[in-house]
Structures are given as C-alpha cells and as structure tokens.
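Following: one structure in structure tokens, then a few remarks.
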Amino acid sequence: MIRVLIADDSAFMRRVLSDFFTKQPDFEVAGTAINGKEAINKVKELSPDLVTMDVNMPIMDGLNALAVIMEEKPTPVLMLSSLTQQGTEATIRALSLGAVDFISKAGGSISKLDSIEDELLEKCRNAARAKVHKIPYVPQKRLADANPVKNNPAPPVMKRVELPVRQGLKLRSTELPTTSQNSGNAVFGSKRPNLILQARGKPQPAAANKVTPVVMTSMGSGSKKLVAIGTSTGGPQALQQVITRLPENLPCGVVVVQHMPAGFTKALADRLNTISQVSVKEAEDGDVIEPGHVYIAPGSHHLRVREEGSTRRIVLGQDPPVGNHRPAVNVMYDSVASIGKNLVAVIMTGMGCDGCEGMKKIKAAGGYSIAQDEPTCVVYGMPKAVVDAGLADEIKPVQNIAQAIVEAVKR
C-alpha cells in the first residue's frame, strides 16, 4: 500500500487527486496539506511513502517545502507542474532539489487533469519506490542566486577575446582609460590594449551550491573524444552533480539524453549552463559539437551524432519512440558506437534498461563505459542493466563520475 500526502492549496485539486488514489487498491491517502509549511509538518507526523507537491502555495511554496523535507525527512516527492515558462523553470529547480519526478497539468489547468490520470498513477507508483537521499537545505533566496533571473547580483564570468588592432584616435599615456582597483577587470590601459573582456552571461553559482570542477591540466588526445551520457529518473539532480564538475577546458564535447518531455529540457539546459564551467545548451539540429560544450537532447526528439570528416554534428529526429522513449539513450548510443575507442559512454540513474543494448555495441567497438553505482542512484535500473550485463568498465558514485570522465578522456 502506497500512502500518499497531497500538498496543494486548491481544494478542488486535493479532491481530484484524492479521488484518483482512493479508486486504486494499492494507494491510500494518508493526508492533505494546504501549504508548504503544513506539508512539512504532515510528512514528519504521518511518514507517507510519497508526497505530491504543488509549486505555488501560500505561507511556504512547494520548492522551499521540498528543500526542507529532503534535509529533515527525505521522502519521495512528485511535483505538479504547469506548462508555462515559469512552471518549467520551477520544475527543473525542484528536480535539482531532490524531487523524484513531475507531471504536467494538461494545458496548465487543473480542468484537464483527468486526461493524465494513468500517467500520474504510474509515476506515483514508480516514485514511491525511489531511493531518496538527504540533501542540505538551501533557503529560497539563496537558491535564486544560482538561477538566471534579471536581478541576479552575481558577476558574469569574463573571458579574454582577441580583437584586431584598429587605427583610430591615439591618446597620450596619461589619457588612457583605467579601471578601478576593485573591479578585478584591469584590462583597459594595460600593455595589450587590443584585449577586451567579454561577458559570457554565466552568473557564478551561489556559494552553497558551488562545487569545485575537476582540473584538467593536459588535453592529450582528448580532442578526438566524445562523451555520451544517458539518464532518466533522478537524472536532473545527477546531471547537476556531474556537469557542474566538468572543467571549462574539457577538450571534447558531451551529448546527453535525459528522459523528459518537450518544453522542459531547455529549462534544464539553461539552469545547468548558469552553474557550470562548461557551456550547456538544448541541442539543435545541425549543431557542430565543440569542445567544452554539453548538448542536451530536446524532449520528444531523438538525438544522433553524425561524423562529417573531422566534424561531428547533431541530428535530431522525431521518428517513433524506442522502448517508449523519445529521446532514447539506445538511439544516441547506436549513433556513436562507431567512434570506438574515442567514445566515453556514461549511464546514470533511471528506470528500466534504456541504453543497455546500445552499450553492447559501444563495448564491441572498443568504447569506454562508466556506470553510476547503486547507492547514489534514485532508481537503479538503467545502470544495473549495464552492470549486470558486464558492460561497465567503471562503477562510480555520482559525485565521482566527472573525475572518471576526465580521466577517461585523457587516456
């Protein structure tokens, strides 16, 4: 029996969800909460197997409530999300805070929720079996600092860009522009006036969320390599652990398949981009894979890699799902298997066995494989299939996967 706590400020929504669960023989409604603060208290009091959590609630919203729950009494949480831009960004933040999964309110409205009843129940059953871990609480204000909001006070990361020297008005040395000693950007007026600082538009992560990227001192033969990562349930949090630790000078590109519906992968990529040293984007058809860049397959699109001489290019397609997934890890793995010894394939937390068949082809072609270990997986399904098939060269906890990737790329 799965005991569920429903947290939503809408009485109608609480009633609809309660009706869904009470009709099922394997569910029981343990209680309801009308705001995040009450949800925290009910989790401590009732010890439910699962919490369904709305984002926008009075007194305390769902994100802060989730953060407290994951620190004080880790419990599987399924978020209810709207399909608005604000809703998708909040959902990605929730997944990075430890929510197991989410479900979209059809059309952004509760009036059509009955159309996704089957999906809701299936996701709740799966989420209730997930293994969740204690995550230190970060207050909402500090969480906002790590996101691309307009009022983010964090300074942009700056990089030097070579510009051609232009002939123009020549100033005497006493008239050369200078910068404040406190600016940290003393370039104008230096010995190389043809250098300027260009903002990359990537705010520094908040101190509480900051991780130390792996240091890569030598590129070696890594420029010929490619990293391919596949993940599903628990993936956004795992990707945050891995991508944020990759060094900016990673000499190869990274392609990622995360099982996620359309509309959410861009928010995931944008969030990771703001808190990572490497550049992260939602993949577009025709993208040339560049070093130090991560490309996440858009929801509802398969991602393949095509080699054109020394160039690797991303090809997106909406051909039928494979194993009920689009994007599918197996599709991506199949397309990169021919890269052979220059491929590093990573399989992380997720339900089912997507990626196992593709990994067989990768290993047959001489590729290198890294699997996430069971203790750090939210769901030990996809990595388990690879490990049980004897296809994993390394089995690593999620916090060590970035280091394993860097070492594999350097070989």
Which numbered condition Glu248 misses (of (1) touching a residue at least 60 places away in the same chain (Cβ under 8 Å); (2) closer than 18 Å to Ile405 by Cα; (3) in a loop (DSSP other than H, G, I, E, B)) | (1)
Tyr368 fails exactly one of (1) over 17 Å from the mean Cα position of the chain (by Cα); (2) surrounded by fewer than 21 Cβ atoms within 10 Å (Cβ to Cβ); (3) at negative phi, namely (2)
When Lys396 is run through (1) buried (at least 24 other Cβ atoms within 10 Å of the Cβ); (2) in contact with a strand residue (DSSP E or B) (Cβ under 7 Å, 6 or more places away or on another chain), the failure sits at (1)
Just checking, which of Val379, Val386, Val409, Val336 is buried (at least 22 other Cβ atoms within 10 Å of the Cβ), closer than 21 Å to His302 by Cβ, touching a residue at least 40 places away in the same chain (Cβ under 8 Å) and touching a strand residue (DSSP E or B) at 6+ places or on another chain (Cβ under 8 Å)?
-> Val336
Does the range 79-102 include one or more residues that are farther than 26 Å from Ala262 by Cβ and surrounded by fewer than 19 Cβ atoms within 10 Å (Cβ to Cβ)?
-> no
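FYI, it's all coordinate maths here, none of it is from the lab. Here the structure is a predicted model, which means the values were calculated and not measured. Backbone-built Cβ (ideal geometry, glycine too); neighbour counts: all protein chains shown.
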